[in-house]
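**Student:** One structure follows; several queries about it will come next.
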Amino acid sequence: MIEVKNITKIYQSASVETIALKDVSFSIQEGEFVAIIGPSGSGKSTLMHILGCLDTPTNGQYFLEGKDVSKLSEAELADIRKNKIGFVFQSFNLLRRTTVFRNIVLPLVYANVPKNKRAEIAKRCLLAAGLTEKHFSHLSNQLSGGEMQRVAIARALVNDPLIILADEPTGNLDSKTGDIILETFRDLNKQGKTIILITHEKYIAEKAKRVICIKDGEIVEDVFNHSSSKEVKKIKE
Amino acid sequence: MLISDLFEETYFAITANKARSGLTILGIVIGIGSVIAMVSIGQGAAGSIKSNIEAMGPNLITVTPGSQQTFSQVMAQRGSAQTLTIEDGEAIAENILNVQAVAPELSQRYQAVYMGKNTNTQITGTTSSYLSVKNVELALGSFISELDTRLSLKVAVLGPTTRDDLFGEEVDPVGKTIRINGINFKVIGMTQPKGGTSFGSQDDVIFIPITTVQKFLAGVNHVSTLNVQAISSEVMSGVQNSITNLLLRRHNISDSSLADFSVMSLEDITEAVTSITNTLTILLAAIAGISLVVGGIGIMNMMMTTVTERTREIGLRKAVGAKRSNISLQFLTESVFLTFIGGIIGILLGIGLAYAVTIFTGMTTKVSLYSIMLACGVSTTIGIIFGYWPAQKAAKLNPIDALRYE
């Protein structure tokens with residue numbers, strides 16, 4: 001479903017040229033649960049942005065469902081983000097002082113989904129993310145960290161995306177809450193969603209079906225069983 | 001993005017920071033309000049001056065003695081020159097086509113006394129045709145008749161202000177005797193109030209037969225003005241020319257530039273006054289317009305702050321599929337909405353101010369539909385102009401940078 005071929009990303013600023021990704025190639029099938037690990041500055045976030053169509057590669061091709069999206073215009077990328085990708089961020093990024101309901105339906109607003117259908121979709125997605133419609137009228141700043149991230153997950157689900165991209169989704173949560181969030185992702189994966197997440201934490205990498213490790217812009221390891229991964233073992237508890 | 005979603009987002013954005021939105025709107029309110037109030041004062045002044053001039057008499061042409069040079073010189077020499085006579089007026093009435101009536105006039109100020117009360121007022125000597133020529137209506141009694149003029153009778157018709165001064169309000173002065181410059185006059189009528197004008201009150205006056213003024217008060221043979229009424233406004237310029245030619249002939253003057261009188265229609269005066277009041281209105285509106293521009297800059301300032309504050313939110317919206325156009329439209333709607341609300345409140349404020357000006361200063365004001373529509377259009381345009389840049393700034397944000405913005 002996702003096929004990345006020889007992707008290179010170079011950031012040009014003034015006189016300095018920073019190579020964030022060097023000739024990266026891999027593919028991900030539908031239903032996978034992939035953890036991307038690597039030290040800071042390794043290029044994993046850049047890879048995530050390209051996979052999420054927030055950015056385009058300098059060179060190389062990115063096929064999403066067989067369609068090359070690496071050369072699309074900004075507006076076309078926005079359409080792909082709207083219809084095929086769900087984002088979950090480390091810092092949740094909920095609309096401030098806004099109800100849970102309005103936060104969840106935000107992607108539906110841009111997808112022109114009729115208003116009378118929104119409540120039902122929001123209810124289903126919030127349930128899948130582990131909360132109930134009782135939370136609809138709560139304001140985003142009244143929620144706990146775990147609840148906020150569940151709302152963010154529900155928001156990522158409403159457009160029924162092909163892939164869910166999560167950038168350190170448990171990074172701002174304590175380990176217990178992080179565990180619950182991780183379980184939520186695993187449940188979604190069992191229901192058939194493709195999930196790609198960036199993480200620093202060992203226990204999360206261990207729960208993933210596949211681990212890709214990036215260092216200095218290159219893939220140094222790509223394994224389907226974490227027990228065979230040297231990189232996962234290197235992560236400190 | 002559905003239209004209703006756009007409005008909903010706008011509503012939430014504006015109400016999220018009520019104090020700031022309110023203060024920003026206030027800038028526009030003051031701008032629009034002052035424009036409307038100022039224009040209404042200007043237009044009110046123009047309207048009242050115009051209607052006052054028209055109230056002097058329909059299709060009126062005035063012939064005044066003095067050389068025909070500039071407006072001001074004519075005014076200065078009026079009264080001092082002694083070149084026009086009652087006979088000139090009669091000649092105009094008899095010989096010129098399309099002349100409805102001619103009312104000669106000789107005005108001077110004298111002291112009028114009744115039972116110890118006295119007032120210094122304008123004594124206007126005229127004939128019976130004055131009533132129709134100058135659009136004067138009678139409230140009580142009768143006006144000067146042809147017989148009164150022919151026999152130089154000592155009869156007087158009071159203006160309402162003069163009546164109030166001499167007799168007090170609501171008193172019927174008809175039949176009483178007043179003294180003007182020491183001579184007894186019998187009051188035979190009173191005119192309807194016409195209201196004050198920029199050229200002095202038309203109510204503070206006593207009308208007496210012109211021959212009486214000439215013989216008993218002033219001791220002269222000339223008149224100060226010939227008021228000529230044309231039958232319609234279309235023939236005004238023709239009548240003006242004929243009067244000039246006739247009087248030149250009668251006064252034996254061959255060169256029209258040496259004429260010892262001047263002929264002016266009310267239209268000429270109205271035109272001059274209108275151009276002055278229009279300039280005044282534009283000046284007032286321009287001054288008020290400055291505050292509107294300042295208000296617009298306030299809007300831009302707020303929108304710039306909002307865009308900066310909501311950078312992460314913009315990044316998120318883009319991440320979930322918002323296009324540039326969605327973002328810029330959202331911010332543009334917000335600023336247009338702010339200015340539109342400001343415009344509506346400003347219109348109400350402007351109308352209120354105009355009323356207040358009328359009540360407290362007595363100046364006539366006129367709030368026209370035109371100025372309201374102009375204000376609405378201007379405020380919306382300001383929203384678009386001053387909202388455009390911040391909206392573009394928001395739309396152009398790179399989603400990745402925006403999401404990382406602290």
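**Student:** Taking 0.36 nm per intervening residue step and subtracting the Cα-Cα distance, what contour gain separates B:ASP255 from B:SER325 on full extension?
**Tutor:** 17.7 nm
**Student:** Let me ask you something else. Could you tell me the center-to-center distance, by alpha carbons, between the stretch A:1-26 and the stretch B:287-307 in angstrom?
**Tutor:** 44
**Student:** So what does A:ILE163 come to for accessible area, using a 1.4 Å probe and Å² rounded to 10?
**Tutor:** 0
**Student:** Once R0 is set to 35 Å, what does the formula 1/(1 + (r/R0)^6) return for the Cβ-Cβ distance between B:LEU26 and B:ASN278, expressed as a FRET efficiency to the nearest 0.05?
**Tutor:** 0.70
**Student:** For the stretch B:101-225, what relative contact order do you get, as a whole percent, if you take Cα pairs closer than 8 Å and at least 6 residues apart? Write down the numbers at each step before the final one.
**Tutor:** Numbers: 283 pairs, mean separation 42.4, N = 125.
Once normalised by length, the contact order is 34 percent.
**Student:** In straight Cα distance, which aspartates and glutamates are under 16 Å from B:LYS18, not counting same-chain residues fewer than 8 positions off?
**Tutor:** By straight Cα distance, B:LYS18 reaches B:GLU8, B:GLU9, B:GLU309, B:GLU334.
**Student:** Additional query: Among all helices in chain B defined by DSSP H, which have a length of 30 Å or more along the axis from Cα atoms plus a Kyte-Doolittle mean of at least 1.0?
**Tutor:** Counting only whole DSSP H runs, the qualifying helices are B:266-309, B:324-361.
**Student:** May I pose another question? Arrange the peptides B:249-256, A:223-230 so that the one whose residues have, on average, the most other Cβ atoms within 10 Å appears first.
**Tutor:** The peptides rank, most packed first, as A:223-230, B:249-256.
**Student:** How far is helix A:100-110 tilted, in degrees, relative to the longest principal axis of the Cα atoms in chain A, given as a value from 0 to 90 rounded to the nearest 10?
**Tutor:** In chain A, helix A:100-110 runs at an angle near 60 degrees to the longest axis.
**Student:** For B:SER224, which sequence-distant residues (separation of 5 or more, or a different chain) have an amide H within less than 5 Å of its own amide H, given hydrogens modelled in the peptide plane?
**Tutor:** B:GLU105, B:LEU106, B:SER107
**Student:** Turning to a different aspect of this structure: So what is the relative contact order of the stretch B:105-150, in percent, for Cα pairs below 8 Å that sit 6 or more residues apart?
**Tutor:** 30
**Student:** Using the structure shown, select from A:LYS9/A:LYS176; A:LYS123/A:LYS230; A:LYS117/A:LYS193; A:LYS9/A:LYS234; A:LYS22/A:LYS176 the pairs with a Cα to Cα distance greater than 30 angstrom.
**Tutor:** Too far apart for the 30 Å limit: A:LYS9/A:LYS176; A:LYS123/A:LYS230; A:LYS22/A:LYS176.
**Student:** Still on this model: Can you pull the one-decimal nm distance between simple spin-label points at B:ILE183 and A:PHE26, each 7 Å off the Cα toward Cβ?
**Tutor:** 12.0
**Student:** Can I ask one more? Which entries of A:LYS84/A:LYS190; B:LYS323/B:LYS393; B:LYS117/B:LYS176; A:LYS209/B:LYS323 show an alpha-carbon separation above 23 angstrom in the structure shown?
**Tutor:** Working: A:LYS84/A:LYS190 19 Å; B:LYS323/B:LYS393 14 Å; B:LYS117/B:LYS176 14 Å; A:LYS209/B:LYS323 34 Å.
In this structure, A:LYS209/B:LYS323 lie more than 23 Å apart at Cα.
**Student:** Another question, then. At a probe size of 1.4 Å, how large is the accessible area of A:GLU32, to the nearest 10 Å²?
**Tutor:** For A:GLU32, solvent-accessible area is about 20 Å².
**Student:** What nm value, rounded to one decimal, do you get for the distance between B:THR305 and B:LYS18 when each label is placed 7 Å out toward the C-beta?
**Tutor:** Distance between label points: 1.7 nm.
**Student:** For B:LEU348 and B:SER142, what does the FRET efficiency come to when R0 = 35 Å and r is the distance between their Cβ atoms, rounded to the nearest 0.05?
**Tutor:** Details: r = 50 Å, r/R0 = 1.44.
My answer for the efficiency is 0.10.
**Student:** So, one more: Do me a favour and compute the ellipsoid semi-axes for the stretch B:101-225 from its Cα gyration tensor, root of five times each eigenvalue, largest one first, whole Å. Write down the numbers at each step before the final one.
**Tutor:** Values: eigenvalues 74, 55, 39 Å².
For the stretch B:101-225, the semi-axes come out at 19, 17, 14 Å.
**Student:** Could you run the Karplus curve 6.51 cos²θ - 1.76 cosθ + 1.60 with θ = phi - 60° over the stretch A:179-194 and give me ³J(HN,Hα) per residue in whole Hz, x for Gly and Pro?
**Tutor:** Those phi angles translate into 4, 5, 4, 4, 4, 4, 4, 5, 4, 4, 5, 5, 7, x, 6, 7 Hz.
**Student:** Pull up the DSSP beta bridges for the stretch B:101-225 and report the antiparallel fraction as a percent, rounded to 5.
**Tutor:** 70
**Student:** Separate question: Which three extents, in angstrom, do the Cα atoms of the protein assembly as shown have along their principal axes, listed largest first?
**Tutor:** Principal-axis extents of the protein assembly as shown (Cα, largest first): 135, 53, 38 Å.
**Student:** Here's another thing I want to ask about it. Can you list the lysines whose alpha carbon sits under 20 Å from that of B:LYS215, skipping same-chain ones fewer than 8 residues off?
**Tutor:** Qualifying lysines at Cα under 20 Å: B:LYS154, B:LYS186.
**Student:** Suppose we keep just the DSSP beta bridges with both residues in the protein assembly as shown; what percent of those would be antiparallel, to 5?
**Tutor:** 70
**Student:** Mind ranking A:GLU206, B:GLU146, A:GLU76 by accessible surface for me, highest first, 1.4 Å probe?
**Tutor:** Final ranking, largest accessible area leading: B:GLU146, A:GLU76, A:GLU206.
**Student:** Mind listing the long-range amide H neighbours of A:VAL88? Cut-off is under 5 Å, sequence gap 5 or more, other chains count too, H placed in the peptide plane at 1.01 Å from N.
**Tutor:** Close amide H contacts, sequence-distant or interchain: A:LEU165, A:ALA166, A:ASP167.
**Student:** If the cut-off is a Cα-Cα distance under 25 Å, which lysines reach B:LYS50, setting aside same-chain residues fewer than 8 apart in sequence?
**Tutor:** Partners within reach: B:LYS134, B:LYS194, B:LYS366.
**Student:** Please list, short to long, the whole-number percent of alpha-carbon pairs of chain B in consecutive 10 angstrom bins beginning at zero.
**Tutor:** That works out to 5, 18, 19, 15, 12, 10, 9, 8, 4, 1, 0, in percent per bin.
**Student:** Just read off the accessible area of A:THR99 with the full protein assembly in place, 1.4 Å probe, to the nearest 10 Å².
**Tutor:** Rounded to the nearest 10, that gives 40 Å².
**Student:** With an 8 Å Cα cut-off and a minimum separation of 6 or more residues, compute the relative contact order for the stretch A:1-158 in percent.
**Tutor:** 21
**Student:** Also, I was wondering about something else. Calculated from DSSP H runs of 4 or more alone, at -39500 (n - 2.57) each and per residue, what is the 222 nm mean residue ellipticity of chain A, nearest 500?
**Tutor:** Values: 8 runs with 84 residues, N = 237.
Mean residue ellipticity at 222 nm (helix-derived): -10500 deg cm²/dmol.
The values are calculated or read from the model by the stated rules, or taken from the named source; none is laboratory data. Worth saying up front: this structure is predicted, and the values here are computed from it rather than measured. Note that each Cβ is placed from the backbone with ideal geometry, even for glycine, and that neighbours are counted across all protein chains shown. Surface accessibility is based on the protein's heavy atoms, side chains included, excluding ligands, DNA and RNA. Shrake-Rupley method; radii C 1.70, N 1.55, O 1.52, S 1.80 Å.
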